[in-house]
1. Got a number for carbon plus sulfur as a percent of the range 36-125's accessible area, 1.4 Å probe?
2. Could you tell me the convex hull volume per residue, in Å³, taken over the Cα atoms of the chain?
3. Let me have the 222 nm mean residue ellipticity of the chain computed from DSSP H runs of 4+ only, each contributing -39500 (n - 2.57), with the sum over all residues rounded to the nearest 500.
4. Sort 75-81, 104-110 by packing, meaning the average of other beta carbons within 10 Å per residue, with the highest value first.
5. Given 0.36 nm per residue, what is the gain on full extension from Leu4 to Glu93 after removing their alpha carbon distance, in nm?
6. Name the aspartates and glutamates eligible as straight-distance cross-link partners of Lys77: C-alpha to C-alpha under 16 Å, and not fewer than 8 places from it in the same chain.
7. Answer with one residue from Tyr91, Ala69, Ile14: the one whose Cα lies farthest towards the positive end of the charge dipole of the chain, charges on Cβ with Lys, Arg +1 and Asp, Glu -1.
8. Whole number in Å², please: accessible area per residue of the range 40-125, 1.4 Å probe, ligands, DNA and RNA not counted.
Amino acid sequence: IRDLEDVEALDLEIMVKISRGALSAIKKRGKAQLGDKTMVDALAPAVVSLEDCLASNLSLHEAIKTGSASAKVGAEKTKEYVSRVGRSKSYGEHSLGLQDAGATSVQIIFEAMEEWLQEKNAVSA
């Protein structure tokens, strides 16, 4: 995202811009959509949550917390899907019941951001 070169501090608006750009790039490159059992299944709902939080004027910490919860729900939902794209597509029906690794990675990233912000807020309080 080229218009972020002079950014010195991360706020929710910038986080939304980064996350939306990342989601678009991942979907384009991997040709994945919701329900394909990929990282998109966790990232897309997290991005929507961040956007909703921005519209509601919530803090970055609250937005990441909400995005983290959405990513977790999205990742867990991948257990219900059959892999259609990516490395696991060759497993087909055998992938049912298993959580997607990419979606789990997105969940872990959001959980780590939430934990870091929680620690930073505790230190500055």
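The values are calculated or read from the model by the stated rules, or taken from the named source; none is laboratory data. Everything quoted here is computed from the prediction, not taken from an experiment. Note that each Cβ is placed from the backbone with ideal geometry, even for glycine, and that neighbours are counted across all protein chains shown. Calculation scope for accessible area: heavy atoms of the full protein, side chains included, ligands and nucleic acids excluded. Shrake-Rupley method; radii C 1.70, N 1.55, O 1.52, S 1.80 Å.
1. Taking all protein chains in place, the range 36-125 shows 56 percent carbon and sulfur surface.
2. Given the Cα convex hull of the chain, per-residue volume reads 101 Å³.
3. Mean residue ellipticity at 222 nm (helix-derived): -21000 deg cm²/dmol.
4. Taking the mean over residues of other Cβ atoms within 10 Å, the ranking is 104-110, 75-81.
5. Result: 27.8 nm gained on full extension.
6. Straight-line reach from Lys77, under 16 Å: Asp36, Asp41, Glu93, Asp100.
7. Tyr91
8. 58
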